[in-house]
Amino acid sequence: METAYLIETVIKIVVILLIFSALAGIGTYFERKILAFMQRRLGPMNVGPFGLLQVAADGIKLFTKEDIIPTNVVANVFKIAPVITAATAFMAAAAIPFLPSFTLFGYEVHPIVADINIGILYILGIMGVGLYGPLLGGMASANKFSLLSAARGAAVFISYEVVTGLSILAPIMMVGSLSLIDFNNYQSGGITSWLVWSQPVAFVLFWIAAFAETGRTPFHLIANDHEIIDGFGTEYSGMRWGLFFIGEYANMFFISFVIPLLFLGGYGDGSFLGAIGLLAKVAFFFFFFLWTRAAWPDIRPDQLMWLCWKVLMPIAVLNILITAIVMM
Amino acid sequence: MFEAIAFYLFAFLTIVMFYITVTTSQALYALTALAAGMIFISAFFFILGADFLGAVQIVVYSGAVMALYAFGMMFFDTTREVKEKQGNKYIVVGLSALSAILVVAIFAAPMVSENITAIYPVVDGIGNTQAVGMVLFTKYLVPFEVAAIMLLVAMIAGIVLAGKKMDRSLTTMEEDEIKTLREKNIKVHS
């Protein structure tokens with residue numbers, strides 16, 4: 001029994017790792033294509049049909065490029081930092097139910113690695129740990145621009161973790177559980193039972209904070225775009241730089257899974273249609289990340305902090321208060 | 001068997017990480033190793049079935065406390081090695097003797113623990129989180145509320161200390177305004 005469980009878990013982990021590292025690569029293709037179409041360009045065209053093999057070409061380039069460790073850097077920490085980004089992104093995936101449980105060759109499969117009771121808390125915690133990748137990378141780099149962007153990134157992550165945690169508290173109070181599966185079952189009664197109708201404020205706040213947690217465009221301060229430099233990744237080359245990217249895109253996919261599971265009914269009653277519905281919602285939220293990048297510029301660091309501490313956090317606290325009063 | 005393997009693996013990793021933290025002269029190594037050690041400690045909570053405490057360990061220690069250390073480290077040149085002053089040798093001897101005694105006491109503790117009974121036994125059918133909540137709001141209500149008040153005091157003190165002249169920002173000012181402020185010798189946050 002125990003051995004069977006172990007084998008099953010290992011298979012699940014390998015499948016999730018493979019699928020989402022591949023998706024991270026394909027995600028870059030989608031991003032380029034969608035950004036290109038929104039800006040009236042064609043995007044990648046030359047490698048393969050519709051430029052589809054561009055991902056493979058990028059992969060070959062990243063894997064074969066020389067892995068440069070500059071002088072003066074703290075070598076071990078410098079080498080480990082990209083691994084932390086990628087690893088924490090995939091660790092967070094352990095508590096996400098990707099699909100409803102289904103039967104494969106007469107064996108019931110639960111597409112979740114570890115069905116722990118505190119799924120949301122675990123995911124938020126691990127995403128908080130994800131800040132160490134950019135932070136250590138920037139601090140070990142012996143480059144002032146890297147250090148600056150690391151400091152800015154850390155400030156953004158820590159501040160917006162507060163918003164994420166507070167905004168999610170009100171739905172947790174309503175459902176009475178920290179498990180994502182319980183959240184899904186609470187909303188399984190069709191569109192009218194979705195949490196987004198009773199908690200619209202929490203939904204919007206969580207969505208905004210998701211952009212900061214993944215470091216996407218309106219809050220893309222971890223790369224110093226205005227200094228025309230790539231932030232904490234400046235000193236990195238080859239696959240180590242690629243690992244930062246895999247981590248970022250995997251994070252985007254996982255947060256796109258978490259938002260529908262929390263607020264938009266997840267996979268519903270667990271039917272085939274529900275599973276397709278979840279994937280459609282994930283696709284929409286991933287597309288929205290790219291859409292925002294095409295439509296909006298970055299905001300200034302002081303505006304970002306103002307937005308977090310003077311607007312979003314008070315609204316989140318008020319939302320909790322009102323929810324508590326209504327529930328009483 | 002898997003529990004035993006997991007326990008010894010994480011015990012070994014935790015000890016190695018904290019050993020690096022104490023012995024290294026490179027501040028970044030110490031920071032990284034300490035954060036990693038904190039995460040490995042949460043593994044023991046997960047092995048014991050205390051999921052909630054495990055996740056809280058990660059959130060609080062690795063996510064919040066260590067991040068504050070990291071903020072502090074931003075002001076140093078972390079790529080350079082730290083030269084430590086070698087102080088009194090007797091302190092080292094005393095501390096190692098003390099820790100040896102502590103280790104013996106920890107291993108001897110189960111001998112006296114046999115006649116201990118739980119006042120608040122585990123209730124069937126409720127999860128980890130609920131159990132923590134019940135103990136927190138019955139037996140430990142007063143310490144919990146006192147901690148809340150202390151946090152409130154710390155927060156207000158922090159705002160008072162840091163909040164002077166926060167309404168002015170160099171980023172949003174025009175050049176002339178900054179110049180006149182400089183002439184009047186008024187300090188402004190950037």
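We did not get these values from a lab; they are worked out from the coordinates using the rules stated. Please read these numbers as outputs of a predicted model, since none were measured by experiment. Note that each Cβ is placed from the backbone with ideal geometry, even for glycine, and that neighbours are counted across all protein chains shown.
When only Cα pairs below 8 angstrom with a gap of at least 6 residues are kept, chain B shows a relative contact order of 14 percent.
Taking the mean number of other Cβ atoms within 10 Å as a proxy for protection, how do you rank B:45-51, B:171-177, B:21-27, A:260-266 from highest to lowest?
Put in order of decreasing packing, that is A:260-266, B:45-51, B:21-27, B:171-177.
No solvent, one uniform scatterer per C-alpha: report log10 I(q)/I(0) for segment A:98-171 via the Debye equation at q = 0.15, 0.27 1/Å, two decimals. At q = 0.15, 0.27 Å⁻¹ the computed log10 ratios are -0.69, -1.14.
Along segment A:284-289 the Karplus relation, 6.51 cos²θ - 1.76 cosθ + 1.60 evaluated at θ = phi - 60°, assigns HN-Hα couplings of 4, 5, 5, 4, 5, 4 Hz to successive residues, with x for each Gly and Pro.
Positive end of the dipole of chain A (Cβ unit charges, origin at the Cα centre): among A:ILE80, A:ILE322, A:MET252, the Cα lying farthest that way belongs to A:MET252.
For the peptide A:296-307, the mean number of other protein chain Cβ atoms found within 10 angstrom of a residue's Cβ is 1. For segment B:142-182 and segment A:1-56, compute the distance between their C-alpha centroids and round to whole Å. Distance between centres, Cα-based: 45 Å. Per-residue shielding of B:64-74, expressed as the average number of other chain Cβ atoms within 10 Å of the residue Cβ, stands at 4. The residue among B:SER62, B:ALA131, B:GLY72 whose Cα reaches farthest toward the positive pole of the charge dipole of chain B, with charges on the beta-carbon of Lys, Arg, Asp and Glu, is B:GLY72. Helix B:141-162 and the longest principal axis of the Cα set of chain B meet at an angle near 20°. In this rough spin-label picture, where each label sits 7 Å from Cα along the Cβ direction, the B:SER96-A:PHE272 distance is 7.0 nm. For segment A:191-198, the Karplus equation 6.51 cos²θ - 1.76 cosθ + 1.60, evaluated at θ = phi - 60°, returns couplings of 4, 5, 8, 5, 5, 5, 6, 8 Hz by residue, with Gly and Pro reported as x.
The distance linking segment B:81-109 with segment B:1-44 is 19 Å (Cα centroid to Cα centroid, whole angstrom).
Of all the Cα-Cα pairs you can form in the protein assembly as shown, what percent are over 46 Å apart?
Here the tail beyond 46 Å accounts for 17 percent of pairs.
A cut-off of 5 Å between modelled amide H atoms, ignoring neighbours fewer than 5 places along the same chain, links A:VAL109 with A:PHE102, A:THR103, A:LEU104.
Sort A:135-143, A:109-117, A:46-54, B:152-160 for me by packing, meaning the mean count of neighbouring Cβ atoms within 10 Å per residue, highest on top.
Listed from highest to lowest mean packing, they are A:135-143, A:109-117, A:46-54, B:152-160.
Placing +1 on each Lys and Arg Cβ and -1 on each Asp and Glu Cβ, with no other charges, gives the protein assembly as shown a dipole about its Cα centre of roughly 1160 debye. Amide H to amide H distances under 5 Å link A:GLY266 with A:LEU261, where only residues 5 or more positions off or on other chains count and H is placed in the peptide plane. The separation of segment A:247-305 from segment A:147-196, counted between C-alpha centres, amounts to 13 Å. Shielding of peptide A:121-131 by partners, expressed as the average count of other chain Cβ atoms within 10 Å per residue Cβ, is 6.
I want the local charge near A:THR214. Using Cβ-Cβ distances under 13 Å, sum +1 for each Lys or Arg and -1 for each Asp or Glu among the other residues. Display every interim value, and only then the final one.
Details: positive: A:ARG216, A:ARG293; negative: A:GLU31, A:GLU161, A:GLU213, A:GLU248.
Cβ neighbours under 13 Å give a net charge of -2.
What is the total of Lys pairs in chain B with C-alpha atoms under 22 Å apart, excluding same-chain pairs fewer than 8 positions apart?
Lysine pairs, 8 or more places apart or on different chains, close enough: 7.
Classify segment B:26-159 from the C-alpha gyration tensor, please: rounded if a/c falls under 1.5, else prolate or oblate depending on whether a/b exceeds b/c. Cα axes put segment B:26-159 in the oblate bin.
Taking all Cα pairs closer than 8 Å and separated by 6 or more residues, the relative contact order of chain A comes to 23 percent. Note on B:TYR140 and B:GLU174: their simple-model spin labels are 5.7 nm apart, each label 7 Å out from Cα toward Cβ. Computed 3J(HN,Hα) for segment A:50-63, one whole-Hz value per residue from the Karplus formula 6.51 cos²θ - 1.76 cosθ + 1.60 where θ = phi - 60°, is 6, x, 5, 7, 4, 4, 5, 4, 4, x, 4, 4, 5, 6, glycine and proline marked x.
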